[in-house]
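The values are calculated or read from the model by the stated rules, or taken from the named source; none is laboratory data. Bear in mind that the values here come from a model prediction, so they are computed numbers and not experimental data. Neighbour counts run over all protein chains shown; Cβ positions are idealised from the backbone, glycine included.
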Amino acid sequence: MLSEQWDLGVIGGGAGGVAAAVRARQLGARVILFEAEYLGGVCMNRGCIPTQSLMETARLYRTLSRAEQLGLKVSGLAVDWSALMAKKDDLVQYLRMGTEALLRSNGVEWVHASATLEGPHRIRAQGREYQVRRVVLATGSRWAPPAVEGIESEEILTSDHLLEMTEMPARAAVLGSGPVELEMAQYLLFMGCRVTLLEEGGRILQEEDREVARRLAGALKEQGMEVLTRVRVMEVRKSEDGLEVHLESPGGSIQRKVDRIFHARRAPQLHGLDLRGLKVTEPNRGIPVDERLQTPMEGVFAVGDATGGAMYSHRASAMGLRAAENALGGNRTLDESKIPRAYFTWPEVASVGLNERQAKQKGHRLRVATIPYSINARAMMQLETDGAVKVVADEQYGELLGVHIVGPYATELISEAVLAMELEATVEELAEAVRLHPTLSESQVEAAREALGRGIYVLR
Amino acid sequence: MSVELTIPKLGMTMKEAKITQWAKAEGEWVQKGEVILVIETEKITFEVEAPADGYLHILASPGKTLPVGARVGLLLEEREAYEAAAGAGKGPSQPSPPVEPPPPPAPGGELAVKASERTERRRVRASPLARKIARDHGIELGSIQGTGPGGRIVRADVLRALEEIQAAPQVPASEMEPPPAEMPAREGVRSVIPLEGMRKRIFTHMHQSLQETAQMTLTCEVDATQLVRLRESLLRRYEKEDLRITYNDILVRILARSLLVHPEINASVEGDQIVQWEGIHIGVAMELEDGLIVPVVRDADRLSIVQIHHRLQDLFQRARQKRLLLDEIKGGTFTLTNLGHLGIDAFTPILNRPESGILGVGRIVKRPVVIPGPEDRVEIRSCMTLSLTVDHRIIDGAPAARFLRTVAACIEEPLLLVE
């Protein structure tokens, strides 16, 4: 009998699973990976990659629609839907093939089938049992349809649908204001749809700094999006000219007429797992893991969306690397507080660490500074001054607690702050290191200086 | 007056250091506390501060590797003294040859030498945040084990070291106050002090000590007349050098000598074994503003009373500045605690775990004593009470008593120290 033929079995071939598998191979383990659908997971096939591919074009489309302000004359500007879809599909196809080649070249065996975890050392797929010494669960997430009176969940559209749409609805409502919802809403808006964003809470971007949320909400409204907060969808009534959305708000009930309703909230995908053995109490919160990413089942690790928390591809792959190392005897932990967050809206939003309120709640005495892009030369050249850099630091040693950026390329600029925090740089180092002029990066320096009470370009 | 500059011991395992550079020039007037010399070990680069004011006379030149304790320079208070010292040598920056070992052979020629120098010149790798916290608390980065990438010292490492320093074996003597229970603001309560930091460490350490061992205290009164005389003569002897030898200095010497004779007391329990230690490392309890700390005089049996004095003064001073290295508060094998200056005679010291013995010393007081003889007579003698606590799990009453008698005998007749 073959026992423990593989050192590591990975269930799920998304960002977390692939990273775990390749890392385990680098460490000399025999690895087998199971994926029911496409390699690359949600991100590559139905999430970040195709979405961003469309968004990049939508963003340019919006920029060029203001060509005159930029000193350009453009005529006949229009979306070529088939070329746009081809651009997106080619990219996804290419990356999917790349992932397969990656697994092959690293010597990871992979099985194109759904798998179930039968025990800490047994995985079943296609009627066959696989004996493995350790397991990494990277089963990802699935759409969690909302229950709305008057409309079947099949009639609610998700980001999956939006990716294939070559004709925009005239009017759309988007439920929620997480990263995916905001990106969807803005894509619709830039492509000519009238969009109403419906948020139950008091503001959008509830996880983020209040000031950041205020700036983005302001920009969205200026772009023509209707942003309604503190509203709850009570009922949807179908009428001849579309869907009538009935909302409850603090000021009484209100209605909006739309053609389509979009929703994107996701929940951990736990199908085929032994939930009792893994001690999953609330499926929406995912598989519990300790800081080494070990589940309550000995020898079984879990990563990414399946563990609940922020559903980001970069989080999943960071977890995958550590889980693989720990499964093979390592002792690596992941500091979730240093995982950056991103919203690929326009202006973009990116952040790492604590926001001002969280830092205060943790008992820190703070040095906080915000530098708006309205005084950044590069932003002015681009006519993109909706934005700011905010630095949150502890007063005593200037420890960087969080950096929050709204504005063009925020998702790229945040990396400097991520590295600074990883290396335990303080606000002083952030202020000291010289950056190029004229760049957006300069605002981070200035924010750090201002946090130390010595900003140079701030009017007093 | 002159003060010797020596290679300091920065960690338990440190044996030698290389002189990287002198931060001051030959003959320059330096002030106490200024960085005077940079040395480096395999692990760290360390800046040596001037222990006193004076004119610098350099005895060892940069590039030389010297053992811990080696003389590398002098600080001379008077210009004349400096000139005399400098003149006695072969010239200011000329090192005196016998001190220095010859340079190691360089197999790969000059390039190889440079390469090895470069690798030796490793700085302490630490994050900016870790550096700031360490600087603020006066913790020497070189004493901390880094856990970041490539052994880099990160915040968590400094915080751990800080906690360990605060958790340092705490003392004995004082009776433990019961912790104030959770007290909501109510009448009659003057203040509520949270059980945290150093107090929390003492709280836990003392309680654990009593829970985990079988403590027995033996007391006896000794005639300390000769001890008092010895101290007086030492005071006179070192008056000019401004050294005030204390009873504790002498008692550490006496304890070290007694432990040498009774290795069974210089022991700890480790698992299901009794481990008798080769080194005799004596901790001396000292009071701090917010608690107690027990700096350790390592290898006390190899030090003279004057050396013990210097060591203790240095430890006490840095303990007050919270600048002790971890090495200096850990690894003791026996503790001395003295409440004599507070007018106490006998008490029941609590063991400083994992040690198995602690000696409590009471005040020295004049009493009428019957001197036995053919015709008993009464004399006025200086008397002192000793209180020895041992772990009865591994040390029985009789051996404990014999050890205490050895200590007592040395106090009654300190000449035994030269035995």
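Annotations
- Residues in segment A:211-226 that are over 25 Å from A:Leu354 (Cα atoms) and surrounded by fewer than 20 Cβ atoms within 10 Å (Cβ to Cβ): A:Lys221, A:Glu222, A:Gln223, A:Gly224, A:Glu226.
- Check on B:Gly362, in the same structural domain as B:Leu251 (by TED's automatic domain parsing) and surrounded by 19 or more Cβ atoms within 10 Å (Cβ to Cβ): yes
- Within segment B:370-398, tally of residues that are more than 14 Å from B:Ala408 (Cβ to Cβ), touching a residue at least 60 places away in the same chain (Cβ under 8 Å) and of a type in the set (Val, Ile, Thr): 4
- Just one residue in the set B:Gly151, B:Gly138, B:Gly109, B:Gly146 is more than 14 Å from chain A (Cβ to nearest Cβ), more than 23 Å from B:Thr204 (Cβ to Cβ) and at pLDDT 80 or above; that residue is B:Gly151.
- Segment A:443-460, subset more than 14 Å from chain B (Cβ to nearest Cβ) and in a loop (DSSP other than H, G, I, E, B), residue surrounded by the most Cβ atoms within 10 Å (Cβ to Cβ): A:Gly455
- Where A:Leu182 falls short, out of the listed (1) over 17 Å from the mean Cα position of the chain (by Cα); (2) under 23 Å from A:Glu248 (Cβ atoms); (3) not in a loop (DSSP other than H, G, I, E, B): (1)
- Remark: A:Glu336 matches the filter, which requires a residue to be within 17 Å of the chain's Cα centre (by Cα) and on the phi < 0 side of the Ramachandran plot.
- Any chance B:Gly271 is closer than 30 Å to B:Asp396 by Cβ, in contact with a helix residue (DSSP H, G or I) (Cβ under 9 Å, 6 or more places away or on another chain) and exposed (fewer than 14 other Cβ atoms within 10 Å of the Cβ): no
- Restricting segment B:319-338 to residues that are more than 10 Å from the chain's Cα centre (by Cα) and not in a loop (DSSP other than H, G, I, E, B), the residue that is surrounded by the fewest Cβ atoms within 10 Å (Cβ to Cβ): B:Arg320
- Test: residue in segment A:37-51 that is over 23 Å from the mean Cα position of the chain (by Cα) and surrounded by fewer than 20 Cβ atoms within 10 Å (Cβ to Cβ): no
- Answer from A:Leu430, A:Leu423, A:Leu440 - the residue that is buried (at least 22 other Cβ atoms within 10 Å of the Cβ) and within 11 Å of chain B (Cβ to nearest Cβ): A:Leu430
- Of the criteria (1) within 23 Å of the chain's Cα centre (by Cα); (2) crowded, with 17+ Cβ neighbours inside 10 Å; (3) under 22 Å from A:Gly329 (Cα atoms), which one A:Ser313 fails: (3)
One line per residue, one yes/no per condition, for (1) surrounded by 13 or more Cβ atoms within 10 Å (Cβ to Cβ); (2) of a type in the set (A, V, I, L, M, F, W, C):
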{"residue": "B:Glu232", "(1), (2)": "no, no"}
{"residue": "B:Ile250", "(1), (2)": "yes, yes"}
{"residue": "B:Leu259", "(1), (2)": "yes, yes"}
{"residue": "B:Glu278", "(1), (2)": "no, no"}
{"residue": "B:Gly283", "(1), (2)": "yes, no"}
{"residue": "B:Leu292", "(1), (2)": "yes, yes"}
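- Of all residues making up segment A:279-302, the number that are touching a residue at least 60 places away in the same chain (Cβ under 8 Å) and within 19 Å of A:Glu118 (Cβ to Cβ): 8
- Output for segment A:284-310, where each listed residue is touching a Pro at 6+ places or on another chain (Cβ under 8 Å) and crowded, with 16+ Cβ neighbours inside 10 Å: A:Gly286, A:Ile287, A:Pro288, A:Thr295, A:Met297, A:Val300, A:Asp305, A:Ala306, A:Thr307, A:Gly308
- Test result for A:Glu416, within 14 Å of another protein chain (Cβ to nearest Cβ) and either surrounded by fewer than 20 Cβ atoms within 10 Å (Cβ to Cβ) or not aromatic (Phe, Trp, Tyr) (or both): no
- Candidate set from segment B:393-419 (those that are touching a Ser or Thr at 6+ places or on another chain (Cβ under 8 Å) and outside any helix (DSSP H, G or I)); member that is nearest to B:Thr213 (Cα to Cα): B:Arg393
- Test: B:Gln211 is surrounded by 13 or more Cβ atoms within 10 Å (Cβ to Cβ) and under 26 Å from B:Gln166 (Cβ atoms): no
- Single residue of segment A:327-380 satisfying the filter (among the β-branched types (Val, Ile, Thr) and surrounded by fewer than 18 Cβ atoms within 10 Å (Cβ to Cβ)) that is nearest to B:Gly148 (Cα to Cα): A:Thr333
- Qualifying residue in segment A:394-412 (condition: more than 14 Å from every other protein chain (Cβ to nearest Cβ), part of a helix (DSSP H, G or I) and out of contact with any strand residue (DSSP E or B) (no Cβ under 7 Å at 6 or more places or on another chain)): yes
- Counting only helices (runs of 4 or more DSSP H) that fall entirely inside segment B:185-293 and contain at least 1 residues that are among the small types (Gly, Ala, Ser) and either modelled with pLDDT of 95 or more or within 20 Å of the chain's Cα centre (by Cα) (or both), the qualifying elements are B:247-261.
- In this structure, B:Ile282 does not qualify as in contact with a helix residue (DSSP H, G or I) (Cβ under 8 Å, 6 or more places away or on another chain) and over 13 Å from B:Thr333 (Cα atoms).
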